[in-house]
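*Asks:* Below is the structure I would like to discuss, written out as structure tokens.
The values are calculated or read from the model by the stated rules, or taken from the named source; none is laboratory data. Note that the structure is predicted; figures quoted are calculated from it, not measured. Heads up, the Cβs are rebuilt from the backbone with ideal geometry, glycines too, and the neighbour counts pull from every protein chain shown. These accessible areas exclude ligands, DNA and RNA; they are computed on the full protein's heavy atoms, side chains included. Shrake-Rupley method; radii C 1.70, N 1.55, O 1.52, S 1.80 Å.
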Amino acid sequence: MRLINQTCLVTGSSSGIGKAIARKMAMEGANVIINYYSDKTSAEELAHDLEEISVDNEMMVVKGDVSKQKDVDNIFRKTIDKFGALDILVSNSGIQIDAPSHELTLEQWNRVIDVNLTGQFLCAQAAIKCFLHQGIRPNISKAMGKIIHMSSVHEIIPWAGHLNYASSKGGLLMLMKSLALEYGKDKIRVNSIAPGAIQTAINEEVWSSKKGMENLLKLIPYGRIGQVEDVANAAAWLASDESDYVTGTTIFVDGGMSCYPGFLDNG
Ligand code: NAD
């Protein structure tokens, strides 16, 4: 229970990694805002489940597209109206639209950049405004606020056929570091989590076939696909005061995928 009396917004939390993070934050005692893009039923079911395991903390479900300024404004306004303050933003929403780079349309490029990079900017900016307005909340957290961006190993590993996705996550690396630099003096901590292969809907095409899973495991020194809880545990630590001296960095939760597994033998 490291997050009692704190409020945490998790974007894109009606599924996958975001859903596990919302669950973990609620188990740690936080009020949780479950943002969803399209799956209202799943978001409401999650809120209902989490209310059951919560003690004094409360859940709220808010629809919104993180790439749209007015939707982001609405998510944050509803958060402050209900809970009075925001302590943690987990900016998790992300999409993949894949195509060979010479066939990638401008629309496909823009949509991924809009959600994965501009969405991260809009949510981080809105969170920072809340943090600066509130100031440090004594006895709640040592930090004025915490932002956790959901990046990917592809913030450093190039990815053929996924130009828009890899570019969005590469851009996110500098977004995270620049914000950490700018707002460190205010005691706002900004970090990223870079998952490797985590078993969710976004990569089902890969892990759902035997061949796909075999190929994937060749890229993971630790020998297993990641689970959503692996990422949620790292997020809870980054949100808590246990990581109070950690800002401007990326935590890789990837089973060693970023350790150049192609060089396991003679190369
Ligand atoms: P997912 O598809 O289950 O989750 C993505 C979530 O983002 C969904 O809930 C979706 O509704 C939401 N979303 C999409 N567009 C949105 C928008 N415009 N506004 C608000 N929400 C929107 O997949 P996931 O694997 O849980 O992905 C979560 C994050 O983790 C993404 O940022 C993804 O890039 C990152 N990631 C995942 C993996 C993996 O292996 N699963 C690896 C690296 C990074």
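*Asks:* What residues have an amide H closer than 5 Å to that of Met144, excluding those fewer than 5 places away on the same chain, when H is modeled at 1.01 Å from N in the peptide plane?
*Replies:* Ile188, Arg189
*Asks:* Which entries in Lys63/Lys146; Lys68/Lys129; Lys78/Lys129; Lys63/Lys177; Lys24/Lys185 show an alpha-carbon gap greater than 20 Å?
*Replies:* Over 20 Å apart, Cα to Cα: Lys63/Lys146; Lys63/Lys177; Lys24/Lys185.
*Asks:* Put a dot 7 Å past each Cα toward the Cβ at Leu181 and Lys129; how far apart are the dots in nm?
*Replies:* 2.4 nm
*Asks:* Using the Kirkwood radius built from alpha carbon pairs, what does the Stokes-Einstein equation give as D for region 1-73 at 20 °C and 1.002 mPa s, in µm² per second? Working shown, then result.
*Replies:* Details: Rh = 11.9 Å.
Roughly 180 µm²/s, to the nearest whole number.
*Asks:* Keeping all protein chains in position, work out how much accessible area Trp159 exposes to a 1.4 Å probe, and write it in Å² to the nearest 10.
*Replies:* Solvent-accessible area, nearest 10 Å²: 90 Å².
*Asks:* For region 1-118, calculate the relative contact order in percent as a whole number, restricting contacts to Cα pairs under 8 Å that are 6 or more residues apart. Spell out each step's value before the answer.
*Replies:* Numbers: 199 pairs, mean separation 32.6, N = 118.
The value is 28 percent.
*Asks:* May I pose another question? Quick one: accessible area per residue over the chain, 1.4 Å probe, rounded to a whole number of Å²? Don't skip to the answer; put the middle values down first.
*Replies:* Values: 12920 Å² over 267 residues.
Counting only protein heavy atoms, the per-residue value for the chain is 48 Å².
*Asks:* Enter the Cα centre distance for the pair region 191-267 and region 133-185, rounded to the nearest angstrom.
*Replies:* Value for the Cα centre distance between the two parts: 17 Å.
*Asks:* Once you charge only the Cβ atoms, +1 for Lys and Arg and -1 for Asp and Glu, what is the size of the charge dipole of region 192-242 about its Cα centre, to the nearest 20 debye?
*Replies:* Numbers: 4 positive and 7 negative charges, 78 e Å.
The dipole of region 192-242 has a size of about 380 debye.
*Asks:* I would also like to ask the following. Only four residue types carry charge here, +1 at the Cβ of Lys and Arg and -1 at the Cβ of Asp and Glu. Report the dipole size of the chain about the Cα centre in Debye, rounded to the nearest 20. Let's see the in-between values first.
*Replies:* Working: 25 positive and 31 negative charges, 116 e Å.
Computed charge dipole of the chain: roughly 560 debye.
*Asks:* Heavy atoms only, probe 1.4 angstrom, no DNA, RNA or ligands counted: give me Tyr183, Tyr245, Tyr260, Tyr165 ranked by accessible area, highest first. Don't skip to the answer; put the middle values down first.
*Replies:* Values: Tyr183 45, Tyr245 220, Tyr260 165, Tyr165 25 Å².
These residues rank, largest area first, as Tyr245, Tyr260, Tyr183, Tyr165.
*Asks:* Consider just the alpha-carbon atoms of region 152-206 and return their Rg together with their Dmax, both in angstrom.
*Replies:* 13.7, 44
*Asks:* Along the charge dipole of region 6-100, pointing to its positive end and built from +1/-1 on Cβ of Lys, Arg, Asp and Glu, which listed residue (Phe83, Ala22, Gly94) has its Cα farthest out?
*Replies:* Result: Gly94, furthest along the dipole toward the positive end.
*Asks:* Taking all protein chains in place and a 1.4 Å probe, what share, in percent, of the accessible surface of region 156-267 do carbon and sulfur account for? Kindly include the intermediate steps, with their values, before the conclusion.
*Replies:* Values: 3670 of 6150 Å².
The value for region 156-267 is 60 percent carbon and sulfur by accessible area.
*Asks:* Taking the C-alpha atoms of region 36-177, how large are the radius of gyration and the largest Cα-Cα span, Dmax, in Å?
*Replies:* Cα-based Rg and Dmax for region 36-177 come out at 17.0, 54 Å.
*Asks:* If eta is 1.567 mPa s and T is 4 °C, what Stokes-Einstein diffusion coefficient results for region 51-135, Kirkwood Rh from Cα pairs, in µm²/s?
*Replies:* Numbers: Rh = 14.7 Å.
Once the numbers are plugged in, D ends up at 88 µm²/s.
*Asks:* For Ile97 and Asp265, compute 0.36 nm times the residue count separating them, minus their Cα-Cα distance, and round to one decimal in nm. Walk me through the numbers on the way to the answer.
*Replies:* Details: separation 168, 0.36 × 168 = 60.48 nm, distance 3.34 nm.
That pair, Ile97 and Asp265, stretches by 57.1 nm at full extension.
*Asks:* I would also like to ask the following. Calculate what fraction, in whole %, of the accessible area of region 6-154 sits on carbon and sulfur atoms when a 1.4 Å probe is rolled over the protein chains.
*Replies:* Roughly 50 percent of what the probe reaches on region 6-154 is carbon or sulfur.
*Asks:* When the C-alpha atoms of region 207-266 are aligned to their principal axes, what extent does each axis show, in angstrom, from largest down?
*Replies:* 42, 30, 14
*Asks:* For the chain, what percent of Cα pairs sit more than 31 Å apart?
*Replies:* On the way: 7887 of 35511 pairs.
Tail of the P(r) past 31 Å holds 22 percent of the pairs.
*Asks:* Report the relative contact order of the chain, percent, no decimals, based on alpha-carbon pairs under 8 angstrom and at least 6 residues apart.
*Replies:* Details: 533 pairs, mean separation 49.7, N = 267.
Over the chain, the number comes to 19 percent.
*Asks:* Order of 138-150, 2-14, 69-81 by packing, highest average Cβ count within 10 Å first?
*Replies:* Numbers: 138-150: 20.5, 2-14: 24.8, 69-81: 16.4.
The packing order, highest mean first, is 2-14, 138-150, 69-81.
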